[in-house]
Amino acid sequence: MNYIEHVGKYFMMLGQVFKAPQKFRVFWEAFLRELEELGLKSIGIIGFISFFIGGVIALQTALNISDPLIPKMLIGFATKRSIILEFAPTFCSIILAGKVGSYITSSIGTMRVTEQIDALEIMGVNSLNHLILPKIFATIFFYPFLVILGMFLGIFGGWVAGKATGMFYEADYVMGIQYDFNEYLIIYALIKTIVFAFIIATVPSYHGYYVKGGSLEVGKASTQSVVWTIVIIVVANYFLTQMLLT
């Protein structure tokens, strides 16, 4: 019953969030601020992890292809498919759920326990719309660019790994990247990213908005929100894969 109550409160929250902003100028300023906090400040970690994970995938694939009859271009092909299908949209979203989700919950939760949200409501401001809607638009708008960056750097990291170690030839790797290129897989990854971005923006916001108590409870809510965001992303990933690839 407790889980059903949370699900109901979550969807009731969304009903208030998607009401038209009272002042577009205020919404635009909040949107740009969230774009920087939730998007631009995440470029570094996404780029760093994508580059090295791409290298690891390429090297592990090369190590497992020991049969000389198997074409070496499969290294590039497997790296491309792994990064586009799963790593870039799913694992990057899980990384963002940890980094961004904890920030969202702690910032909104701190406003709740310090009664800043109560002050907004006394002034007649729709606090849910004011605090959460800019976050949703910022993540949905910017995270596809982060995922595309992750795809590029992951594939590039695999190429660098091969060049640095000499475990496979550059020409074979590039040929594998070009082989059987399917544009729909990019679209599939971006659709998943948009869904995951919505989850990353709303689930931590829910935990932060309804937190009760003091700073200790805000910390617990941040941890809980990250866990639940990752769980929901993993479950959503399963159903989206079933719907979009079968």
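The values are calculated or read from the model by the stated rules, or taken from the named source; none is laboratory data. Computed from a predicted structure; not experimentally measured. Every residue, glycine as well, gets a Cβ built from its backbone with ideal geometry; the counts of neighbours run over all protein chains shown. The accessibility values were calculated without ligands, DNA or RNA, using every heavy atom of the protein model including side chains. Shrake-Rupley method; radii C 1.70, N 1.55, O 1.52, S 1.80 Å.
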Test Gly101 against the stated conditions and say whether it is in contact with a Pro (Cβ under 7 Å, 6 or more places away or on another chain), open to solvent by less than 40 Å² (accessible area, probe 1.4 Å) and among the small types (Gly, Ala, Ser). yes
The condition from (1) over 18 Å from the mean Cα position of the chain (by Cα); (2) within 30 Å of Gly213 (Cβ to Cβ) that Arg81 misses is numbered (2)
What is the residue count in the range 20-45 for residues that are over 20 Å from Ile200 (Cα atoms) and exposed (fewer than 12 other Cβ atoms within 10 Å of the Cβ)? 4
The conditions are (1) on the phi > 0 side of the Ramachandran plot; (2) open to solvent by less than 60 Å² (accessible area, probe 1.4 Å); (3) among the charged types (D, E, K, R), and Glu115 fails exactly one of them. Which is it? (2)
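Based on this model, can you work out whether Ile155 counts as open to solvent by 20 Å² or more (accessible area, probe 1.4 Å), within 25 Å of Lys41 (Cα to Cα) and touching a Lys or Arg at 6+ places or on another chain (Cβ under 9 Å)?
Yes, satisfied.
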Just wondering, is there one or more residues in the range 128-148 that are aliphatic (A, V, I, L, M), surrounded by 23 or more Cβ atoms within 10 Å (Cβ to Cβ) and within 30 Å of Phe181 (Cβ to Cβ)? yes
Can you name the residue in the range 10-19 that is touching a residue at least 12 places away in the same chain (Cβ under 8 Å) and over 23 Å from the mean Cα position of the chain (by Cα) and is also least open to solvent (accessible area, probe 1.4 Å) among such residues? Gln16
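So, in the range 48-95, how many residues would count as being of a type in the set (Gly, Ala, Ser) and out of contact with any helix residue (DSSP H, G or I) (no Cβ under 9 Å at 6 or more places or on another chain)?
Result for the range 48-95: 1.
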Show the residue pairs that are 6+ apart or on different chains and have beta-carbon atoms under 6 Å apart, the first residue being within the range 163-174 and farther than 16 Å from Leu74 by Cα and open to solvent by 70 Å² or more (accessible area, probe 1.4 Å), the second being among the aliphatic types (A, V, I, L, M) and modelled with pLDDT of 85 or more. none
Out of all the residues in the range 175-195, which are open to solvent by less than 20 Å² (accessible area, probe 1.4 Å) and farther than 28 Å from Ile232 by Cα? Gly176
Go over the candidates Gly150, Gly157, Gly162 one by one and state the one that is under 12 Å from the mean Cα position of the chain (by Cα) and on the phi < 0 side of the Ramachandran plot. Gly150
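Take the residues in the range 57-70 that are open to solvent by less than 70 Å² (accessible area, probe 1.4 Å) and of a type outside the set (Gly, Ala, Ser); name whichever of them is modelled with the lowest pLDDT. Show your work before the answer.
Initial filter on the range 57-70 (open to solvent by less than 70 Å² (accessible area, probe 1.4 Å)): 57-59, 61-62, 65, 67, 70.
Still in the running and of a type outside the set (Gly, Ala, Ser): 57, 59, 61, 65, 67, 70.
Numbers: Ile57: 91, Leu59: 89, Thr61: 87, Ile65: 80, Asp67: 72, Ile70: 76.
Only one residue fits best here, namely Asp67.
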